[in-house]
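K.L.:
First the structure, which I've put down as structure tokens, then a few questions once you've had a look.
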Amino acid sequence: MQEEDKSLLNYLFRNSKSGEFKVLDGGFSGNVVLKAKSTDIHGHEEVATVVKIGARNPIARERESFEKIRDILGNNAPSVVDYAESENRAGIKYRYASMFDEKVTTFQNYYAKENSQAKLFGFLDVVFKKQLGRFYKAATLEKLDLIKYYDFSEKYLGSVQKRTEALIGKTDDSSNTMCVEGKTCYNLTKFYAEDLKRFANRNTHSHYMSYLHGDLNGANIIIDAQDNVWLIDFFHTHRGHVIKDLIKFENDLIYI
């Protein structure tokens with residue numbers, strides 16, 4: 001952890017006598033997510049918190065986005081109890097309603113170790129029905145260009161071709177299908193090279209839109225010792241295509 005992050009952490013726990021921190025996530029985004037166990041100046045154990053530290057502007061935006069949707073999620077979401085920023089970095093401190101034990105993990109880690117599909121599906125029911133389902137139920141039909149929304153663009157053709165060839169060798173761009181590990185699937189290089197052009201003058205259609213988490217993946221779902229399910233990272237929260245969270249999560253589960 002860089003010195004700037006340590007200073008932010010010290011500030012966020014300025015009223016605490018001591019603190020122990022466990023890294024929950026610290027991936028390619030440059031963010032550091034920590035589970036905190038702290039005591040106050042009298043030695044009392046404080047309610048558990050989770051701290052996220054990262055680049056200043058994204059963390060500030062996450063705080064603003066979270067404030068827009070916290071009244072809908074209620075106790076299913078954490079509360080922001082403190083925030084601090086420096087020249088380049090910022091930190092946000094979340095408190096969870098009933099997270100008392102230090103045995104906290106991400107859904108990603110839980111998924112890698114847990115054999116009970118019933119338990120895993122139970123967690124996902126909480127996420128998609130009881131928590132984010134509050135947003136989805138209010139979805140309305142609105143005009144939306146799905147190709148542009150999901151950022152399908154010819155500019156990615158080169159990287160798609162390169163990755164495809166590294167996986168299965170050169171493909172026939174005129175063919176509608178390609179074979180990957182014995183399975184036939186749609187030819188992605190043809191899609192980017194030819195098919196996208198057919199959508200250049202397309203009409204925008206109506207699709208269901210609602211508020212979304214926006215970056216739902218296994219690292220942004222936290223499971224505590226009582227099997228309570230919590231969401232973190234609201235930087236990408238926005239009003240968008242109603243099934244985007246499901247698509248994003250499925251991609252993370254299968255490929256990442």
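K.L.:
Are there any strands (runs of 3 or more DSSP E) wholly within segment 1-65 with 1 or more residues that are β-branched (Val, Ile, Thr) and surrounded by 17 or more Cβ atoms within 10 Å (Cβ to Cβ), and if so which?
P.N.:
Hits in segment 1-65: 32-40, 49-55.
K.L.:
State all residues of segment 110-122 that are out of contact with any helix residue (DSSP H, G or I) (no Cβ under 8 Å at 6 or more places or on another chain) and either at pLDDT 90 or above or in a helix (DSSP H, G or I) (or both); if no residue qualifies, say none.
P.N.:
Ala112, Lys113, Gln117, Ala118, Lys119, Phe121, Gly122 - these are the residues of segment 110-122 that are out of contact with any helix residue (DSSP H, G or I) (no Cβ under 8 Å at 6 or more places or on another chain) and either at pLDDT 90 or above or in a helix (DSSP H, G or I) (or both).
K.L.:
Now for a separate question. Taking Ala138 as meeting all but one of (1) modelled with pLDDT of 90 or more; (2) exposed (fewer than 14 other Cβ atoms within 10 Å of the Cβ); (3) assigned to a helix (DSSP H, G or I), write down the number of the exception.
P.N.:
Here Ala138 meets the rest and fails (3).
K.L.:
For segment 157-210, enumerate the residues that are within 28 Å of Gly240 (Cβ to Cβ) and of a type in the set (D, E, K, R).
P.N.:
Arg163, Lys190, Glu194, Asp195, Lys197, Arg198, Arg202
K.L.:
From (1) among the charged types (D, E, K, R); (2) assigned to a helix (DSSP H, G or I); (3) modelled with pLDDT under 85, pick out the condition that doesn't hold for Asp125.
P.N.:
Asp125 satisfies every listed condition except (3).
K.L.:
What number of residues within segment 36-50 are at pLDDT 85 or above and touching an Asp or Glu at 6+ places or on another chain (Cβ under 9 Å)?
P.N.:
Residues meeting the conditions: 7.
The values are calculated or read from the model by the stated rules, or taken from the named source; none is laboratory data. A quick note: this is a predicted structure, and the numbers were derived from the prediction, not measured. Neighbour counts run over all protein chains shown; Cβ positions are idealised from the backbone, glycine included.
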